[in-house]
1. Per residue of the stretch 106-112, in order, report the coupling 6.51 cos²θ - 1.76 cosθ + 1.60 (Karplus, θ = phi - 60°) as ³J(HN,Hα) in whole Hz, putting x for Gly and Pro.
2. Okay, helix-only estimate at 222 nm for the chain: each DSSP H run of n ≥ 4 adds -39500 (n - 2.57), divide by all residues, round to 500 deg cm²/dmol; what do you get?
3. Which value, in debye to the nearest 20, gives the size of the charge dipole of the stretch 165-252 about its Cα centre, when Lys and Arg are +1 and Asp and Glu are -1 at the Cβ?
4. What percentage of all Cα-Cα pairs in the chain are separated by more than 24 Å?
5. Return the ratio Rg/(2.2 N^0.38 Å) for the stretch 76-197, where Rg is computed over Cα atoms only.
6. Can you tell me the dipole magnitude for the chain around its Cα centre, using point charges on the Cβ only (Lys, Arg +1; Asp, Glu -1), in Debye to the nearest 20?
7. Nearest 5 percent is fine: what portion of the DSSP beta bridges confined to the stretch 104-257 is antiparallel?
8. Mind pulling the angle between the C-alpha long axis of helix 75-90 and the longest principal axis of the chain? Nearest 10 degrees, somewhere in 0 to 90.
Amino acid sequence: MARQVLITGGTGRLGRTLVPRLLDAGHDVRVLTRGRREPAAHRWVVGDLRTGSGLVAAAAGVDVVIHLATTNGRGDVAATGNLIEAVRAAGNPHLVYLSIVGIENVALGYYRAKLACEQLVERSGLPWTILRTTQFHDLIAALCEAQRLLPVTLMPSRVHFQPVDVSEVADQMLTYAAGPAANRVPDIGGPEVREAADLARSYLRAVGRRRPVWAAPVPGKAVRDFRAGHHITPDRAVTRITFDDFLAGSGAHGRSR
Ligand SMILES: NC(=O)c1ccc[n+]([C@@H]2O[C@H](COP(=O)([O-])OP(=O)(O)OC[C@H]3O[C@@H](n4cnc5c(N)ncnc54)[C@H](OP(=O)(O)O)[C@@H]3O)[C@@H](O)[C@H]2O)c1
């Protein structure tokens, strides 16, 4: 059934993949953004989750709100609170939130903020669905790319990741957005669990950059939690696109050295 959908974060890595899927499925899509954008097949609505401006108008008459926007920090909690307040003023739509596997067991400020956002969603009084996934392939690539000017690529030793492709996360989000509120749904992870240094070597090979990779004994509670594997879900390796598949299809090959 076609629905009126408001999506936050629709211009982000995952959102850019999900919006065309929503349109192809026949939904009427509004994408919240802070700045004006070029005309597109969907409607743009200008608003700011940080200040709350434009949110009530953006949410008016929608059946589903997909909340993907992130400020990558503590601001996410206030942003999610502002969104819920505005959405409740506008109606009683299904709120679909994307979160991260294992956040209650990893001592990272961002993960604490995501957990607080989940709690806001659960207590919002709105019908809700929360999906947790592992790290996106793009994040691993970005960690490597951020070090392109260094003579070595550093990765924490004995840390493994189970990265997932945003297209497969988008497929799941599309399904949940089209269905009834399901509350916490089963986590999803990528098809392979691989050591961080090994993923970095694949990335460097794909972009044709010759660099040693150092698996560094990074200290700290958060890294210990990652070493313990709280952020991965080997039992829920339900997707198919591997990191190497992602690299082959991402244009990474032949990128500047
Ligand atoms: N990256 C990962 O590995 C990973 C793993 C699991 C779950 N997740 C979750 O997946 C979601 C999407 O992540 P992503 O990496 O696709 O995001 P992203 O690329 O970092 O995009 C951030 C989005 O947030 C929007 N935004 C930021 N501040 C805003 C504000 N004040 N008001 C309105 N919109 C604002 C931006 O929209 P405009 O710039 O257009 O305003 C943009 O669309 C996040 O909730 C993240 O926690 C990520």
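Read the figures in this text as sums done on the coordinates, not as results from a lab. Being a predicted model, the structure only gives us computed values, none of them experimental. Every residue, glycine among them, receives a Cβ derived from its backbone with ideal geometry; neighbour counts consider all protein chains shown.
1. 10, 7, 10, x, 4, 5, 4
2. On the way: 9 runs with 95 residues, N = 257.
Helix-only estimate at 222 nm: -11000 deg cm²/dmol.
3. On the way: 12 positive and 11 negative charges, 106 e Å.
So the dipole magnitude of the stretch 165-252 works out to roughly 500 debye.
4. The proportion of pairs with Cα distances above 24 Å equals 50 percent.
5. On the way: Rg = 16.6 Å, N = 122, 2.2 N^0.38 = 13.7 Å.
After normalising by residue count via 2.2 N^0.38 Å, the value is 1.22.
6. 860 debye
7. Working: 2 of 10 bridges.
Bridges in the stretch 104-257 that DSSP calls antiparallel: roughly 20 percent.
8. 20 degrees
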